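The values are calculated or read from the model by the stated rules, or taken from the named source; none is laboratory data. The shown structure was predicted, so the numbers you read here are calculated from the model rather than taken from an experiment. Cβ sites come from the backbone with ideal geometry, for glycine too, and all protein chains shown count toward neighbours.
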Amino acid sequence: MGERQEKSKLFQDLADLYAEMEAAYNLVADGLGLSCDGCPDNCCTSFFQHHTRVEWAYLWEGLRACAEDRQKRFLKKAADYVEKSRLTLSQGGTPKIMCPLNEDGRCRLYTHRLMICRLHGVPNRFTRPDGKIMRFPGCTICQRLYTDMEQTPVLDRTAFYKRLASLEMAYTGGRPRPGVRLTLAEMLVYGPPE
C-alpha cells in the first residue's frame, strides 16, 4: 500500500472513530436534554491544547478541501487568534477567543473537527494507563441539568482514547511521540504536521 493510500485509510479510520464518538456523545447529551443550540457558554472559545498529529493532519485535509479564499480567511483568523492568545497568556490569563473556524456560530470544518470539539460538554470519564479514573462533570450548562453525578449518564472516553492512540502510532510510523500541545489555531498557522 502506498503512502497516500495508507494516509487515506488512516483518515477513514479516524472518520469512523469520530462518528462513533459523536453517537456516544449524542446518547449522553440526549439523555440529559443537553443541546448546544443557543448556548451562551460557547466551547468554541475554550482554550484546548491536547491533540494528536493524525487529527492535525486530518484537519489540514479538511482545510485543503476549502476554496482558496476561505483557506486564506481561516489562516488569517488563526494568526490573529495566536497573537491574541499569546498576549493573554503573557499577562497570566487564559484566552477565551472564538475558534478561527467558527463563522456565524458554526464550525466550517465540522466533519474534520478534532476529538475535543466532539466530546466536550457532557459528563465524562476515562481510565488512564496507570489505572487512575479521571472524571469530568461536563460544561457549565450541562451541570445545571443534573443534581447527582452518580445517577447521571456519563460518556466513557477510554476506548476512544485507545483507538485514537493506535491511529496516532500508525500515523507516526510506530514511533511514540508526545501529544500535540497546540491550539487548533496554532495547528493552522504552523501548517500540516511533519
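Table for the structure above
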{"item": "Hits in segment 154-194 (condition: over 17 Å from His120 (Cα atoms), touching a Phe, Trp or Tyr at 6+ places or on another chain (Cβ under 7 Å) and part of a helix (DSSP H, G or I))", "result": "Ala185, Met187, Leu188"}
{"item": "Selection from segment 48-86 of residues that are out of contact with any strand residue (DSSP E or B) (no Cβ under 8 Å at 6 or more places or on another chain), basic (Lys, Arg) and surrounded by 18 or more Cβ atoms within 10 Å (Cβ to Cβ)", "result": "Lys77"}
{"item": "Members of segment 1-19 found to be surrounded by fewer than 17 Cβ atoms within 10 Å (Cβ to Cβ), aliphatic (A, V, I, L, M) and assigned to a helix (DSSP H, G or I), listed by number", "result": "Ala15, Ala19"}
{"item": "Residues (farther than 21 Å from Tyr146 by Cβ and part of a helix (DSSP H, G or I)) located in segment 24-58", "result": "Cys44, Thr45, Arg53, Val54, Glu55, Trp56, Ala57, Tyr58"}
{"item": "Complete set of residues in segment 20-47 that are hydrophobic (A, V, I, L, M, F, W, C), more than 17 Å from the chain's Cα centre (by Cα) and either surrounded by fewer than 16 Cβ atoms within 10 Å (Cβ to Cβ) or modelled with pLDDT under 85 (or both)", "result": "Leu27, Cys39"}
{"item": "Unique residue being under 16 Å from Phe48 (Cα atoms), in contact with a strand residue (DSSP E or B) (Cβ under 6 Å, 6 or more places away or on another chain) and of a type outside the set (A, V, I, L, M) when the list is Arg125, Arg113, Arg135", "result": "Arg113"}
{"item": "Options Gly173, Gly138; residue that is of a type outside the set (Phe, Trp, Tyr) and closer than 26 Å to Gly2 by Cα", "result": "Gly173"}
{"item": "Those helices (runs of 4 or more DSSP H) lying entirely in segment 61-153 with at least 1 residues of a type in the set (Gly, Ala, Ser)", "result": "68-90"}
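A quick yes/no check of all residues on (1) among the acidic types (Asp, Glu); (2) farther than 16 Å from Ala185 by Cα; (3) in contact (Cβ under 8 Å) with a residue 40 or more places away in the chain:
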site	(1), (2), (3)
Arg4	no, yes, no
Tyr18	no, yes, yes
Leu27	no, yes, yes
Lys72	no, no, no
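A quick yes/no check of all residues on (1) out of contact with any Leu (no Cβ under 8 Å at 6 or more places or on another chain); (2) exposed (fewer than 10 other Cβ atoms within 10 Å of the Cβ); (3) of a type in the set (Val, Ile, Thr); (4) in contact (Cβ under 8 Å) with a residue 60 or more places away in the chain:
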position	(1), (2), (3), (4)
Arg128	yes, no, no, no
Ile133	yes, no, yes, no
Gln143	yes, no, no, no
Gln151	yes, yes, no, no
Phe160	no, no, no, yes
Ser166	yes, no, no, no
Pro176	yes, yes, no, no
Glu186	yes, no, no, yes
